[in-house]
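The values are calculated or read from the model by the stated rules, or taken from the named source; none is laboratory data. Quantities reported herein were computed from a predicted structural model and do not represent experimental measurements. Positions of Cβ are backbone-derived with ideal geometry, glycine not excepted, and every protein chain shown enters the neighbour counts. Note: areas computed on protein heavy atoms with side chains; ligands, DNA, RNA excluded. Shrake-Rupley method; radii C 1.70, N 1.55, O 1.52, S 1.80 Å.
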Amino acid sequence: MSGRMAGHGTGNGTSRPAAGIGAGSGPGKAAAGSERGAAACTHDAAQAGGSRLLVRDPRPRLRFIVGLFALVYLAVGLKAAWLTLVEEQPARKVVEYKQTLPRPDIVDRNGLMLAADEPRASIFAEPFRMVDVDGALMALLSVLPDLDVPKLRKRLMNRKRKFVWVARKVSPEVEQRIMALEIPGIRIRKEKKRVYPAGRLAAHVIGFTDTENKGIAGLERFLDTRGKLYMASLANASGKDAKPVPLALDARVQHALRDELLKAKEKFRALAAAGLVMDVRTGEILALASLPDFDPNDDDRREALKKDRLNRMTAGVYELGSVIKAVTFAMALEEGTASLNKQYDARFPLKIGRQKIKDYHAKKRWLSVPEIFIYSSNIGTAKMALEVGLEKHWQFLQKVGLTEKLQTELPEAARPLLPRRWSTISSATASFGHGFAVQPLQGAAVIASLVNGGLLIPPTFLKRDEETARALARRVISPATSEKMRYLFRLNAIEGTAKRAAAPGYRVGGKTGTAEKVINGRYSKDNRLTSFIGAFPMDDPKYLILVMLDDPRPLPETHGFATSGWNAVPTAGRVIARIAPLLGVAPKLDTEDAQAELKRWRRLHGKPQSRAAGRTQALREARAAGAQ
């Protein structure tokens, strides 16, 4: 009784402190709480020899129960979050994959097949159904010699696996041989494989797809990225089939261009060769080739991914040398600072600070504007640019789009390399194409605007009509300036550095370019990039041609020279002679200039083709392109 009374004390210091409770609960502190009272009661009862009933604190058990419930709720919440945020995502991806639009065929402008889907068999295994894994592997190896046996064996030995790929998209012959083996657990699934009937013909333009038929280069990649909306417009109502993609490309022209580039690359022992043909009225690319190239049908992409296999027309930037002089002439004529009758002093090198600008074949006299063009005078061109002024020069380069990256349907596109600081010397050197590198296709688009009446039309690899092209075009020079530029281009083919490009009767005009390559950070006089850009027929320009050779070597027949006039220019002339009949351009041989061209052509290339012969060859080339 006394023990119990002590347990209910008021904490005034008369009761004994209980074990496990701090002794600091002295006077002035509330010690009458149930915690201390209950502990003191138990302690005193034990000392008094009373009942041995042990009274435990219920709160730890309560905390345990509450914590258990909290863990259960937490587990439920985490599971809900997992189902919502994680497991639904793959489900959405699968749905998107199943709803993928049908991949359309790709055809040239005349309907020739360039890319298509072909049904193929893929081999897979079901390990849980297999009886003898090692025996199965030995049998498969007899048909698939490139099989990675150790890797596949490891997967097949896992009997929990329900699906393992063995080989993807094999040929019909391999499919039949696999089926004849009748291996338990080896099955076949039908898939689609992208095939390219023309092979290497237009590899850089068409591109290729991966194993899952997803485009990873060229127009194939465009269709899966920026061209998705366009691809959707080709699908029919059922969503199972699609209309083919009609390209601007003409397989006949493509074949002629690639063939002549191959010959030139071999003849001049060049590291690479590239070129294109464009319709100056629509911006359509009728042909584009870059050598060395690759076979898009090759499942081993190592060749396609080599550094020297890049598309030099769009994925690389180059100093095009004197080709850019045409842009400077158009600028000066448009600004009114120069005229066809004006002359510039080219007697001495042009000094700017510590730099000297010289001419390759210096005339050391005053030159008229046409003479500066046909003699390709760096001194005269630089003076014309400086006369326009730094600010206006830069503004004109912006106007014609040479300061921004050109983006066509091809994803492989490089940005131009511009001078770090726009100064007097950089303006002077950029005027003749040094210290200023652009995509060759970009340069071609600008030159097209100089001869087509002054309209800069975005290039395209898709078929386009003239009305649509004009809606997309913007004027960069006046028709009057364009007429003067046509005169200069034609004059250069009659009297200047482009004589060897003048296929007789086709009124060719153009500009040559020879740029020293940068080797180990310095310009090398022994390594060069040669180019020619021209148009025909120059009295009413319809088509533009660009030919570029990377580091061609001099030959005895070129008298030790390796500049553009000796390699890129005659190559372009041979291409024009082959493609002009295909494009419906009729030759005119009733002028004095045409007769002079004919004599020169016979001396350089032999007897030219007649138009009928050209058509016969065109038919053979079209058949050859379709058979490749």
### Query
To the nearest 0.05, how large is the calculated FRET efficiency for R226 and F64 if R₀ is 60 Å and r is the Cβ-Cβ distance?
0.45
### Query
What length, rounded to one decimal in nm, is gained on full extension from A362 through to D465, with 0.36 nm per residue of separation minus their alpha-carbon distance?
32.6 nm
### Summary
Listed by chain and number, the residues whose amide H is under 5 Å from that of Y543, excluding neighbours fewer than 5 places away on the same chain and using placed H, are V280, F536
### Task
Determine the per residue accessible area of segment 304-382 with all protein chains present and a 1.4 angstrom probe, expressed in square angstrom.
47
### Query
For K307 and F348 in one chain, what is 0.36 nm times their gap in residues minus the Cα-Cα distance, to one decimal in nm?
10.5 nm
### Message
I'd like the Karplus ³J(HN,Hα) series for segment 357-373: coefficients 6.51, -1.76, 1.60, θ = phi - 60°, whole numbers in Hz, and an x wherever there's a Gly or Pro.
### Response
9, 10, 9, 5, 10, 5, 8, 6, 7, 5, 10, 6, 4, x, 5, 4, 6
### Task
Sticking with the crude label model, points 7 Å out along Cα→Cβ, report the distance from F128 to S233 in nm, one decimal please.
4.9
### Message
Placing +1 on the Cβ of each Lys and Arg and -1 on the Cβ of each Asp and Glu in segment 463-562, which of L491, G534, A515 has its Cα farthest towards the positive end of the resulting dipole?
### Response
A515
### Task
Under 9 Å from the Cβ of F128, count the other residues' Cβ atoms, weight Lys and Arg +1, Asp and Glu -1, and hand me the total.
+4
### Task
Would you work out what percent of the accessible area of segment 371-443, with all protein chains in place, is carbon or sulfur (probe 1.4 Å)?
48
### Task
Along Cα→Cβ, 7 Å out, is where each label goes; now give me the distance between the ones at E391 and M113 in nm to one decimal.
6.1
### Task
Compute the length gained on full extension between Q595 and R415: take 0.36 nm times their separation in residues and subtract their Cα-Cα distance, giving the result in nm to one decimal.
60.4 nm
### Query
Which percent of the accessible heavy-atom area of segment 449-508 goes to carbon and sulfur, probe 1.4 angstrom?
50
### Query
Pairs K342/K542; K484/K511; K351/K399; K267/K517; K325/K358: which are spaced more than 18 Å apart, C-alpha to C-alpha?
K342/K542; K351/K399; K267/K517
### Message
Given 37 °C and 0.692 mPa s, compute D for segment 205-309 with the Stokes-Einstein relation, Rh being the Kirkwood radius over Cα pairs; round to the nearest whole µm²/s.
### Response
209
### Task
Starting from the Cα of K192, draw a straight line to each of the lysines and keep only those under 22 Å, dropping any in the same chain fewer than 8 residues away.
K93, K98, K169, K214, K228, K240, K243
### Amide proton proximity set for N527, modelled H, under 5 Å, gap of 5+
K517
### Message
For a quick check: with amide H placed at 1.01 Å from N, whose amide H comes under 5 Å from V166's, ignoring anything fewer than 5 positions away on the same chain?
### Response
I123, F124, A125
### Query
If Lys and Arg each add +1 and Asp and Glu each add -1, what is the summed charge of the other residues whose beta carbon sits under 13 Å from the beta carbon of Y360?
+4
### Task
Between E483 and D300, take the C-beta separation as r, use R0 = 41 Å, and let me know the FRET efficiency to the nearest 0.05.
0.20
